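Structure first, then comments.
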Amino acid sequence: MKIAITGASGFIGKRFMELGAGQGHSFVTLGRKNADVLWDANSVLDPKSLDGVDAVVHLAGEPVAQRWSDTVKDKIMRSRVDGTGSIVDALGKSKVKVFVCASAVGYYGFRGDELLAETSSPGKGFLPDVCVAWEAAADRAAGFGVSVVKLRIGMVLGRGGGALATMETPFKLGVGGKLGSGEQWMSWIHLEDMARLILFALNTTGLPSELNATAPNPVTNADFTRMYGAALHRPAVFPVPEFALQLLYGEMAQMILGSQRVIPTATERMGFQFRFPDLASALKEIYG
């Protein structure tokens with residue numbers, strides 16, 4: 001299969017391409033620099049760039065994990081909605097059969113202990129609004145006869161990047177701990193399962209248009225920090241109070257303090273098997 005991909009240089013994109021290449025797939029990268037096709041969210045994608053391409057994987061977007069100003073919020077929204085729209089416009093003039101588009105568990109908002117499956121309603125607030133608009137832009141491709149799968153991605157755990165890259169230093173220094181109350185649920189997925197799930201979405205017919213890209217066993221922040229500290233052989237006894245996170249990150253602190261208990265009901269029902277279904281096995285693989 002020949003696959004066009006955005007976000008190829010990112011944490012998920014790099015591992016997905018390594019795994020896909022090992023299975024005989026070839027790639028056309030779309031990006032702002034060091035890509036086969038120069039493209040960004042503000043530009044029109046030439047449909048000829050997709051000649052001979054069987055599927056498109058869209059992972060690119062403005063980072064959400066930064067302090068939100070009105071300007072940053074606009075970039076986050078536009079990079080996803082306009083960027084996806086540009087790709088979908090090109091898909092309508094191509095022979096691509098499958099479009100796998102990243103989304104996020106932010107779709108559900110912050111809902112305490114409520115179990116959130118693919119059929120759950122969207123939440124309220126900035127992140128749900130972004131995800132709803134993002135997914136709607138992707139869904140337009142279905143009108144061109146393209147099979148569309150949106151992956152609602154949780155916190156991705158793996159070596160050399162992602163969420164753990166920012167966590168390691170304080171924990172290794174012995175000053176890691178729970179965030180706020182620690183009661184908030186964290187929905188996560190191992191990088192290997194994330195890459196495998198993209199390939200599953202590309203190769204499996206009859207999938208629903210939404211799949212949760214999260215392991216089947218979310219954990220509370222308190223349990224996560226305890227297990228993470230143990231994996232690094234470091235204590236996790238220095239909690240970070242809510243007010244400190246709010247001072248540091250402003251509105252974006254809700255991503256850290258909000259609770260999302262997401263489960264991959266449809267993902268597992270369709271036959272995907274997680275290699276790392278629980279946090280203990282994931283951390284063991286990452287840290288040995």
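The values are calculated or read from the model by the stated rules, or taken from the named source; none is laboratory data. What you see is a predicted model; the values in this text were computed from it and never measured. Backbone-built Cβ (ideal geometry, glycine too); neighbour counts: all protein chains shown.
Residue count for region 139-184 satisfying the condition of being at pLDDT 95 or above and of a type in the set (Phe, Trp, Tyr): 1.
Restricting to region 29-85, count the residues that are of a type in the set (Gly, Ala, Ser), more than 20 Å from Phe99 (Cβ to Cβ) and at pLDDT 95 or above. Qualifying residue count, region 29-85: 1.
Considering region 209-228, the residues that are buried (at least 19 other Cβ atoms within 10 Å of the Cβ) and of a type in the set (Gly, Ala, Ser) include one that is nearest to the chain's Cα centre (by Cα), namely Ala213. With the structure loaded, tell me whether Ala102 is without any contact (Cβ under 8 Å) to a residue 60 or more places away in the chain, within 15 Å of Ile198 (Cβ to Cβ) and not in a helix (DSSP H, G or I) or whether it fails that test. It is false that Ala102 is without any contact (Cβ under 8 Å) to a residue 60 or more places away in the chain, within 15 Å of Ile198 (Cβ to Cβ) and not in a helix (DSSP H, G or I). Residues that are of a type in the set (D, E, K, R), in a helix (DSSP H, G or I) and over 14 Å from the mean Cα position of the chain (by Cα) were ranked within region 105-143; the one that is nearest to Leu199 (Cα to Cα) is Asp139.
Being more than 17 Å from Pro63 (Cα to Cα), of a type in the set (A, V, I, L, M, F, W, C) and within 19 Å of the chain's Cα centre (by Cα) is the filter here; which residues of region 1-44 pass it? Those that are more than 17 Å from Pro63 (Cα to Cα), of a type in the set (A, V, I, L, M, F, W, C) and within 19 Å of the chain's Cα centre (by Cα): Ile3, Ala4, Ile5, Phe16, Met17, Leu19, Leu30. It is to be established whether one or more residues within region 71-93 are more than 30 Å from Ile286 (Cβ to Cβ), part of a loop (DSSP other than H, G, I, E, B) and touching a residue at least 40 places away in the same chain (Cβ under 8 Å). So far as region 71-93 goes, yes, one or more of its residues are more than 30 Å from Ile286 (Cβ to Cβ), part of a loop (DSSP other than H, G, I, E, B) and touching a residue at least 40 places away in the same chain (Cβ under 8 Å). Taking residues in region 14-43 that are touching a residue at least 60 places away in the same chain (Cβ under 8 Å), and partners anywhere that are of a type in the set (Val, Ile, Thr) and in a helix (DSSP H, G or I), the pairs with Cβ atoms closer than 9 Å and at least 6 places apart or on different chains are Phe16/Ile198; Leu19/Ile198; Gly20/Ile198.
Of the numbered criteria (1) free of Cβ contacts under 8 Å to residues at least 24 places away in the same chain; (2) within 14 Å of Gln184 (Cβ to Cβ), the one Gln260 fails is (1).
Cβ-Cβ contacts under 6 Å between residues 6 or more apart (or on different chains), taken from a first residue in region 139-156 that is among the charged types (D, E, K, R) to a second residue that is part of a helix (DSSP H, G or I), are listed as Arg140/Val88; Lys150/Glu135; Lys150/Ala138; Arg152/Val105; Arg152/Tyr107. For region 158-207, a residue qualifies if it is aliphatic (A, V, I, L, M), surrounded by 14 or more Cβ atoms within 10 Å (Cβ to Cβ), under 23 Å from Leu248 (Cα atoms) and under 16 Å from the mean Cα position of the chain (by Cα), and the qualifying residues are Ala163, Leu164, Met186. A count restricted to region 95-122 and to residues that are of a type in the set (A, V, I, L, M) and touching a Cys at 6+ places or on another chain (Cβ under 7 Å) stands at 1. Only one entry in Gly61, Gly31, Gly22 is in contact with a Lys or Arg (Cβ under 9 Å, 6 or more places away or on another chain) and either among the small types (Gly, Ala, Ser) or within 20 Å of Thr204 (Cα to Cα) (or both), namely Gly61. Restricting attention to region 261-271, the residues that are hydrophobic (A, V, I, L, M, F, W, C) and buried (at least 19 other Cβ atoms within 10 Å of the Cβ) add up to 2.
Taken over region 234-260, the residue count meeting the criterion of being touching a Ser or Thr at 6+ places or on another chain (Cβ under 9 Å), surrounded by fewer than 18 Cβ atoms within 10 Å (Cβ to Cβ) and farther than 26 Å from Val130 by Cβ is 1.
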